[in-house]
Amino acid sequence: MTTTDLAPQELRTLVAVAEEGGFSAAAVRLGTTQSAVSHAVRGIEGKLGAVLFERGRFGARPTPAGERATAHARRVLRMLQALAADARGADTGEASGPLRVAAFRSAALHLLPPALERLAARHPGIEVSVSVVREVDAGTAGEVAAGRADLGIATFGDGARPPGTLVGDVLLREPYSLVHPAGHPAPRTLPLVDWTENCGSYTRDWWAAQDWIPAATVRAEDDGAVLSMVASGLGMAVMPALSLTAVPSSVAVTDLGPERPYRAVGYVTTPELAATSAVRALVREVRALRPGR
């Protein structure tokens, strides 16, 4: 047998075990028995020729092969959904069906809403769900690659290209600015307030060359918390433009000059989903967000 022998129900079983962390919980989710799930997984492993889960008292954890197989399974199942939706809309040209979007916090707050508003007006049959994902490690692009999202609003590193086998495009380049309590006579002498997502290849070289930036004395959960702390006079921060869409009056934003760093923000999806009607419809709307359009 070959991998093409895997049936949709086997793919659903694989995903359920990986996401539920065990055969019993997966059986409840699938409406079957633990022994049926265990038997199905052994059959899937036999077809693929790889051990997909580590079994133990902790349940079932995906092996590296299992992680990769689960990502493929999610993407195949998603394409089966898209196949049905696109076939139904072939005569009318109407896009419909579920559309899962992953975005980092400031993009979800300030970049996506106008695109989703236009999408809803033009394609009311598309059911959008948005998950806010921290843009660290694999970030939003990782959600797309793992099959948990159809389209991600992501930050791009050096070269401004989507990672791995994903496809996409840059929407905008946002500058970084110095953010500090309004009226402070020497904001560069203040302690630094920072957050984990504010580290990346797009700022690393610039940051290392700035001898006036100290190590962070306060580290917050996200950019919103950083902005609140700066507003309370706890320090200064270096933040990208999307994070500064709604700045309180107690905060001042100072240009960092011609050598200021920029962050590229764009969308990513998989090659197969890029051709589906729902993703294409949203891509059209997010492309319209480009400055000057």
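The values are calculated or read from the model by the stated rules, or taken from the named source; none is laboratory data. These numbers were taken from a predicted model, which means no experiment stands behind them. All Cβ positions, even for glycine, are placed from backbone atoms using ideal geometry, and neighbour counts span all protein chains on display. Accessible surface is based on the protein model in full, side chains and every heavy atom, while ligands, DNA and RNA are left aside. Shrake-Rupley method; radii C 1.70, N 1.55, O 1.52, S 1.80 Å.
Things worth noting here:
- P(r) tail fraction, the range 1-143 - alpha-carbon pairs more than 23 Å apart, %: 50
- Alpha-carbon Rg/Rh ratio, for the range 105-201, with Rh computed the Kirkwood way: 1.05
- Projecting the Cα atoms of Trp207, Leu14, Ala225 onto the charge dipole of the chain, computed from C-beta unit charges around the Cα centre, puts Leu14 farthest toward the positive end.
- Taking the DSSP bridge list for the range 1-139 and keeping only pairs wholly inside it, about 35 percent are antiparallel.
- Two numbers describe the Cα atoms of the chain: Rg and Dmax, which are 22.6, 73 Å.
- Efficiency of FRET between Leu256 and Ser129 - r from beta-carbon atoms, R0 35 angstrom, step 0.05: 0.45
- Within the range 37-57: backbone nitrogen closer than 13 Å to the Ser24 label point (7 Å, Cα to C-beta): 56-57
- Stokes-Einstein translational diffusion, the range 22-83 - Kirkwood Rh over all Cα pairs, 1.306 mPa s, 10 °C, in µm²/s: 128
- The calculated FRET efficiency for the pair Arg42 and Arg284, based on their C-beta separation and a Förster distance of 41 Å, comes to about 0.35.
- Only the Cβ atoms of Lys and Arg (+1) and of Asp and Glu (-1) were treated as charged; on that basis the dipole of the range 111-233 about its Cα centre amounts to roughly 180 debye.
- Stretch gain in nm, segment Arg219-Ala186, where the contour uses 0.36 nm per residue and the Cα spacing is subtracted: 9.8 nm
- Intensity falloff of the range 178-293 expressed as log10 I(q)/I(0), Debye formula with alpha-carbon point scatterers, at q = 0.11, 0.16, 0.22 Å⁻¹: -0.47, -0.81, -1.23
- Legend: P(r) of the range 179-219 from all alpha carbon pair distances, 5 Å bins from 0, whole percents, reading 5, 20, 26, 29, 15, 5, 0.
- The range 71-92 versus the range 102-129: alpha-carbon centroid distance in Å: 20
- Annotation: amide H of Ala60 within the under-5 Å range of Gly22, Phe23, sequence separation 5 or more or interchain, hydrogens built in the peptide plane.
- Between 0 and 90°, nearest 10: helix 34-48 axis offset from the chain longest Cα axis: 80
- Value of D in µm² per second that Stokes-Einstein yields for the range 184-245, Kirkwood Rh from Cα pairs, at 4 °C (1.567 mPa s): 108
- Accessible surface of the chain, 1.4 Å probe: 54 percent of it comes from carbon and sulfur atoms.
- CD proxy at 222 nm, helix term only [per DSSP H run n ≥ 4: -39500 (n - 2.57); per residue of the chain; nearest 500]: -11500 deg cm²/dmol
- Of all beta bridges that DSSP places with both ends in the chain, some 65 percent have antiparallel geometry.
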